[in-house]
Amino acid sequence: MNEPAEVAASPQAGNRSGRMRISLDAMGGDFGPSVTVPGAARALERHPDTEYVLFGRADEIEAELAKLPALKARARVVHTDVVVAMDDKPSQALRQGRYKSSMWMAIDAVKKGEADVCVSAGNTGALMVMSRFCLKMMPGVDRPAIACMWPTARGESIVLDVGASIGAEAENLVDMAIMGSAMARIVFDIDRPTVGLLNVGVEEIKGVEQVKEAGRILREASLPGMAYHGFIEGDDIGQGVTDVVVTEGFTGNIALKTAEGTAK
């Protein structure tokens, strides 16, 4: 199953047209421009107030744009010779693709303010490493996280981390709770989204120390931007018990792949 496209955004970015400007790693994914460019065209149909900067091999991208005049009118192509392969190790991708690959340059467009958001369906490990080197981390946040939109019985929930890193200290889980609730406020238009910590039981005495400590911090902090629900179990994710589910990347990735396999 193809990995979902992932996104990096910058609050400083903007442009004079007033449109949302998206930088797209057009070479990302298993099939490159033959999928990413038509995908951008479909997104433009749904969100006509967007424009695109497409990074990758210009001849391949232009061949696809020729079939899509509406997108071509709203897109600019930036040629890159280097492409990050799906099986490249993150360290290898960083060495060979830094400053010159379609993935790096798409991310860098956000840093430079030339785009509001970067989208790539490429190598997840490489994308996380390049984003961290290029965009850096927000002050006070030690680790990045991959968040996914999880279909549930009552709609959708945000689940993070689903594989950016392995393991987490209590402070990392608290950071992810804050980031996930911030995303939920924007995406779901909820003032105080509910947040749950994934655990082996809902009782406060259960779980590893890091999860129990994170629960204590969130419970005592009573942060204004979220409503901390407490611990939830694996079957609560699909039921949509909370708007946001927080876990470390190893467990989150297994949960994600298990759900995908069950859906298939």
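The values are calculated or read from the model by the stated rules, or taken from the named source; none is laboratory data. Quick caveat, the model's predicted, so the values are computed rather than measured. In this analysis, Cβ positions are derived from the backbone assuming ideal geometry, glycine residues included, and neighbour counts consider all displayed protein chains. Heavy atoms of the whole protein, side chains included, go into the accessibility calculation; ligands, DNA and RNA do not. Shrake-Rupley method; radii C 1.70, N 1.55, O 1.52, S 1.80 Å.
Quick look at the numbers
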{"read-out": "Filter pass, residue 238 being in contact (Cβ under 8 Å) with a residue 12 or more places away in the chain, more than 21 Å from residue 143 (Cβ to Cβ) and touching a strand residue (DSSP E or B) at 6+ places or on another chain (Cβ under 8 Å)", "value": "yes"}
{"read-out": "Of all residues in the stretch 243-264 being touching a residue at least 40 places away in the same chain (Cβ under 8 Å) and either in contact with a Ser or Thr (Cβ under 8 Å, 6 or more places away or on another chain) or more than 16 Å from residue 160 (Cβ to Cβ) (or both), the one that is surrounded by the fewest Cβ atoms within 10 Å (Cβ to Cβ)", "value": "264"}
{"read-out": "Strands (runs of 3 or more DSSP E) within the stretch 45-126 that include 3 or more residues open to solvent by less than 30 Å² (accessible area, probe 1.4 Å), at pLDDT 95 or above and not polar (S, T, N, Q)", "value": "50-56"}
{"read-out": "Residue satisfying condition, being in contact with a Gly (Cβ under 6 Å, 6 or more places away or on another chain) and without any contact (Cβ under 8 Å) to a residue 60 or more places away in the chain, within set 78, 82", "value": "82"}
{"read-out": "Pair list, Cβ < 9 Å and 6+ apart or interchain, from the stretch 183-197 residues that are free of Cβ contacts under 8 Å to residues at least 60 places away in the same chain and of a type in the set (Lys, Arg) to residues that are outside any loop (DSSP other than H, G, I, E, B) and open to solvent by less than 40 Å² (accessible area, probe 1.4 Å)", "value": "192/181; 192/227"}
{"read-out": "Residue check for residue 185: closer than 22 Å to residue 239 by Cβ, open to solvent by 80 Å² or more (accessible area, probe 1.4 Å), among the basic types (Lys, Arg) and part of a helix (DSSP H, G or I)", "value": "yes"}
{"read-out": "Where a residue in the stretch 152-173 is under 16 Å from residue 259 (Cα atoms) and its partner, wherever it lies, is open to solvent by 30 Å² or more (accessible area, probe 1.4 Å) and assigned to a strand (DSSP E or B), with Cβ under 6 Å and at least six apart", "value": "156/149; 158/147; 160/147"}
{"read-out": "Filtered residues of the stretch 212-229 (kept if of a type in the set (A, V, I, L, M, F, W, C) and part of a helix (DSSP H, G or I))", "value": "214, 217, 218, 221"}
{"read-out": "Selection within the stretch 1-42 - at pLDDT 60 or above, part of a loop (DSSP other than H, G, I, E, B) and either aliphatic (A, V, I, L, M) or open to solvent by less than 40 Å² (accessible area, probe 1.4 Å) (or both)", "value": "26, 27, 28, 29, 32"}
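Residues are listed down the side, and each one gets a yes or a no for (1) crowded, with 16+ Cβ neighbours inside 10 Å; (2) within 22 Å of residue 256 (Cβ to Cβ); (3) of a type in the set (D, E, K, R):
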| position | (1), (2), (3) |
| --- | --- |
| 198 | yes, yes, no |
| 205 | no, no, no |
| 211 | yes, yes, no |
| 221 | no, no, no |
| 229 | yes, yes, no |
| 233 | no, yes, yes |
| 241 | yes, yes, no |
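Residues are listed down the side, and each one gets a yes or a no for (1) assigned to a helix (DSSP H, G or I); (2) within 21 Å of the chain's Cα centre (by Cα); (3) at pLDDT 95 or above:
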{"position": "203", "(1), (2), (3)": "no, no, no"}
{"position": "206", "(1), (2), (3)": "no, no, no"}
{"position": "210", "(1), (2), (3)": "yes, no, yes"}
{"position": "231", "(1), (2), (3)": "no, no, yes"}
{"position": "236", "(1), (2), (3)": "yes, no, yes"}
{"position": "241", "(1), (2), (3)": "no, no, yes"}
{"position": "254", "(1), (2), (3)": "yes, yes, yes"}
{"position": "262", "(1), (2), (3)": "yes, no, no"}
